[in-house]
Amino acid sequence: MKKNLLITLFLLILAFSISGCSNENKKSSVYKYGIQPPMEKLYWGMTVSEVEKALSIKDGVDGVSYKKEGLGTIIILPNQLDLFGYHVSARLEINDPPQQDWMPFKTESLYSIKLLFTDISKQDLKDKLNDKFEIQGRDWTSLKNNSCTTWESKDKVSDLSSNELDKLKSYWNTLSEHTDKFSPAKENSVDDSINSVVLSINPAGTDASLTYNADTALIINKLCLSKNYN
């Protein structure tokens with residue numbers, strides 16, 4: 001009897017250990033590559049319900065609002081965050097689930113986060129972002145004469161593990177096979193950065209937006225968490 005109890009306890013401990021490893025593997029897989037979202041609890045590719053749970057938010061509560069736009073949902077967080085020494089509002093953009101049968105994942109996906117700044121110090125903000133991303137951003141000017149800066153992730157597609165890279169290339173091939181000459185798939189390269197962030201400052205130098213783009217980080221996360229990935 002005592003022996004059976006010990007065996008049962010051992011199996012329970014083993015089960016919890018395996019579960020813990022599985023959760024840790026999931027966590028590490030979705031935070032591993034690219035520039036991460038500015039909110040620590042978020043990762044690229046999350047669904048609306050996952051974002052709600054992570055940030056403890058609901059539509060219509062504490063000023064939070066949802067808006068259906070195009071093929072997705074925008075979650076607006078008014079004056080919710082203190083980032084880079086500024087009080088900012090945020091727009092979280094989440095795509096609807098893909099409708100194509102051939103897509104390897106069928107859920108919504110957090111693909112972009114836009115932070116909105118007011119009353120900024122232009123150089124102060126740029127300096128803080130250069131420090132944050134540990135690279136010097138590339139400056140350019142938009143058609144609206146906004147001063148823009150792009151930071152690309154330091155890691156590139158070529159930094160993926162061989163297994164992850166094989167799966168990503170397979171996804172690229174599938175995407176290419178299902179697009180035609182009227183809507184060609186974006187040309188991809190292993191030399192591409194995983195994702196990027198773009199700062200846009202108005203001509204007056206007082207207001208700015210900072211857009212985090214998921215890009216390839218979203219696809220990697222979705223493939224890692226998809227049954228079709230294994």
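Nothing in this text is a laboratory measurement; each read-out follows from the coordinates by a stated rule. The structure displayed is predicted, hence computed values, not measured ones. Note: ideal-geometry Cβ built from the backbone for every residue, glycine included; neighbour counts use all protein chains shown.
The calculated FRET efficiency for residue 96 paired with residue 124, based on their beta-carbon distance and R0 = 35 Å, is about 0.40. If R0 equals 35 Å, the separation of the Cβ atoms of residue 207 and residue 59 corresponds to a calculated FRET efficiency of about 0.85.
Extent of region 32-229 along its three principal axes (Cα atoms, max minus min coordinate, largest first): 47, 39, 33 Å. In a reduced charge model with +1 at each Lys and Arg Cβ and -1 at each Asp and Glu Cβ, region 77-131 shows a dipole moment near 100 debye about its Cα centre. Measuring against 19 Å, Cα to Cα, the residue pairs 68/222; 154/222; 156/222; 32/122 contain 68/222; 154/222; 32/122 as the ones spanning a longer distance. Computed about its Cα centre, the charge dipole of region 32-229 is approximately 180 debye, with only Lys, Arg, Asp and Glu carrying charge at their Cβ. Spin-label model, residue 145 to residue 180: label points 7 Å out along the Cα-to-beta-carbon direction sit 4.3 nm apart.
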